[in-house]
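We did not get these values from a lab; they are worked out from the coordinates using the rules stated. None of the values given here were measured: they were computed from a predicted structure. A quick note on method: Cβ atoms are made from the backbone with ideal geometry, for glycine too, and the neighbour counts reach across all protein chains shown.
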There are 2 protein chains.
Amino acid sequence: MKDITPKLINLFKSGFCTPQIARLAIKLKEPSTTLHYNIKKLEREGKIKTYKAVFDYKKIDEGHCSYILANLTKENYGNPEEISKRIAKDDKVESVDIVTGDYELLIKLRTKDVDEYYIWAKEAIKKYGISKMFSLTSLKQVKSEFVEMG
Amino acid sequence: MKDITPKLINLFKSGFCTPQIARLAIKLKEPSTTLHYNIKKLEREGKIKTYKAVFDYKKIDEGHCSYILANLTKENYGNPEEISKRIAKDDKVESVDIVTGDYELLIKLRTKDVDEYYIWAKEAIKKYGISKMFSLTSLKQVKSEFVEMG
DNA sequence: TAATGTAATTGAATAATATTCAACTATTTA
DNA sequence: TAAATAGTTGAATATTATTCAATTACATTA
């Protein structure tokens with residue numbers, strides 16, 4: 001049997017979805033052509049970047065969620081953008097922000113468990129030139145990606 | 001003219017989208033019926049929670065993004081869950097986590113600008129019984145909701 | 001290990017939905 | 001206020017999802 005779900009999950013994390021115009025038409029009591037016009041306009045203007053799926057991460061073996069504050073080594077301190085773009089490529093990374101305060105980066109990471117988190121963190125220090133890390137572990141994800149988690 | 005885009009944006013933040021099976025079929029070189037079957041299975045199992053849109057937040061007047069670490073007053077310290085569920089109801093709140101460390105909650109907030117952030121923060125202290133707040137402002141959102149921001 | 005049941009794959013038919021188009025209306029601009 | 005532009009909408013068409021039934025793969029157990 002071919003297990004296509006991992007591929008599916010990865011593609012759905014950032015795309016391969018589309019608006020449900022008919023459902024919106026009912027909800028908003030507007031003709032579907034009007035909604036179609038307005039949605040395409042939002043897309044054209046670049047206001048909508050993509051359509052994607054949101055998962056119950058525990059159920060897809062990404063139950064461990066952590067927020068990592070990171071300092072860059074002095075070689076990289078000057079251009080956090082390049083480093084953060086590289087970090088952003090990682091499928092396990094939900095978000096990367098360059099932030100104010102004592103740390104330069106804030107990374108939201110989703111892993112299977114603490115072990116996988118630890119492996120990732122060790123690797124990251126080497127790969128991305130991180131000089132110091134401060135991690136917050138999520139004990140409960142009440143809302144994520146604008147979606148309330150049951 | 002009726003401006004339905006704000007309603008549209010709100011609905012798209014957490015739903016009213018659907019998978020693009022035909023595109024996936026081409027991408028994965030599998031029959032669309034196979035993908036249909038597998039996707040419905042993921043939905044049935046609750047692994048997929050919803051399908052939604054991701055925005056260029058600057059372009060929809062939600063350009064100011066901040067991470068707020070919060071302590072609850074001692075009356076609320078015992079049940080962070082109830083408070084966090086209430087906070088989660090707020091449309092401006094992208095995520096809420098109960099976290100380890102010196103603070104109980106980590107809130108990701110999207111507002112138009114600093115002014116709106118300040119108003120929200122003041123209100124939140126009153127409404128949710130927050131005794132102390134520590135905020136990190138995002139200077140650049142490199143990735144968000146698993147989507148790389150150009 | 002053969003037999004039986006269950007889960008997954010798939011092509012063809014159908015149903016549902018998005019998209020296009022053209023006519024019209026509202027809004028903005030000169 | 002005329003002309004141009006942007007937004008709305010119903011009807012026609014094109015796409016796409018969904019259902020169905022047949023088939024195959026896999027797991028269970030006797």
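Points worth noting:
- Along its first, second and third principal axes, ordered by size, the stretch B:64-144 spans 35, 24, 20 Å in Cα coordinates.
- Whole-angstrom gap from the stretch B:121-147 to the stretch A:110-138, using each part's C-alpha centre: 23 Å
- Kirkwood Rh and Cα Rg combined as Rg over Rh, evaluated for the stretch A:22-112: 1.16
- Entries of B:Lys47/B:Lys126; A:Lys85/B:Lys108; A:Lys74/B:Lys89 with Cα pairs more than 30 Å apart: B:Lys47/B:Lys126; A:Lys74/B:Lys89
- Taking only the C-alpha atoms of the stretch B:5-44, the Rg (one decimal) and the largest Cα-Cα distance, Dmax (whole number), read 13.3, 38 Å.
- For chain B, the relative contact order works out to 24 percent when only alpha carbon pairs closer than 8 Å and six or more residues apart are counted.
- Among the GluC sites (Glu not before Pro) found in the stretch A:64-150, those both in a DSSP coil and sparsely packed, with 14 or fewer other Cβ atoms within 10 Å of their Cβ, are A:Glu75.
- A simple spin-label model places pseudo-atoms 7 Å from Cα toward Cβ; at A:Leu139 and B:Tyr77 they are separated by 1.2 nm.
- Mean projected area (nm²) of the alpha-carbon convex hull when the protein assembly as shown is viewed from all directions: 17.2 nm²
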